[in-house]
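What follows is a single structure, written as structure tokens, with notes after it.
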Amino acid sequence: MAVYADRTDLARHGTNIECLNRIPTADQDEALLTMSAVADDYLRERFPLPLTTWSRSLRAHVAAMAAYELLSVRGYNIDSSDKLLRERFDAALAWLGKCTLGQLTPQGTVGTETETDDGEAVWGGAAVASSPRRRPLR
């Protein structure tokens, strides 16, 4: 499974570095892995997994979700910046939902392509075959 964001993305798109310095790096890595898995749950409907390349927007959304995951375990304060973290988490899920429905396609996102024994390309476990082109009716 691919991890779509790293600790640098978490500091850049998730939350400030001072907050992250108080959280063990193993916990940060686990949150990034978990939120990448959540993203896969959505993306598998459109792309064969694992992705081989992905967009900056996917990195940013996974980092935002991971930041919320990490910081929400300490308790949620609706009157603080926690509200913004939750809004960004919800926005990331909505963005992933649009990807699933085909309403947007993250630029540069490429899934894994494999070949069958007879050389046909297979995407996401389904092969596509077609007949020769027919002449137009007159």
- Message: Looking only at residues that are under 17 Å from Ala2 (Cβ atoms) and small (Gly, Ala, Ser) in the range 76-133, which one is modelled with the lowest pLDDT?
- Response: Gly124
- Residue in the range 62-78 that is within 12 Å of the chain's Cα centre (by Cα), open to solvent by 60 Å² or more (accessible area, probe 1.4 Å) and among the aromatic types (Phe, Trp, Tyr) present: no
- Task: Looking only at the range 94-103, count how many residues are among the aliphatic types (A, V, I, L, M) and either surrounded by 12 or more Cβ atoms within 10 Å (Cβ to Cβ) or in contact with a His (Cβ under 8 Å, 6 or more places away or on another chain) (or both).
- Result: 1
- Query: If only one of Tyr42, Tyr4 is in contact with a Lys or Arg (Cβ under 9 Å, 6 or more places away or on another chain), at pLDDT 95 or above and under 20 Å from Gln107 (Cα atoms), which one is it?
  - Reply: Tyr4
- Message: Contact list please: Cβ distance under 8 Å, first residue in the range 84-104 and without any contact (Cβ under 8 Å) to a residue 60 or more places away in the chain and under 15 Å from Thr15 (Cα atoms), second residue open to solvent by 80 Å² or more (accessible area, probe 1.4 Å) and of a type in the set (Val, Ile, Thr), pairs at least six apart or on different chains.
- Response: none
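The values are calculated or read from the model by the stated rules, or taken from the named source; none is laboratory data. Quick caveat, the model's predicted, so the values are computed rather than measured. Cβ sites come from the backbone with ideal geometry, for glycine too, and all protein chains shown count toward neighbours. Just the protein is used for accessible areas: all its heavy atoms, side chains included, with ligands, DNA and RNA removed. Shrake-Rupley method; radii C 1.70, N 1.55, O 1.52, S 1.80 Å.
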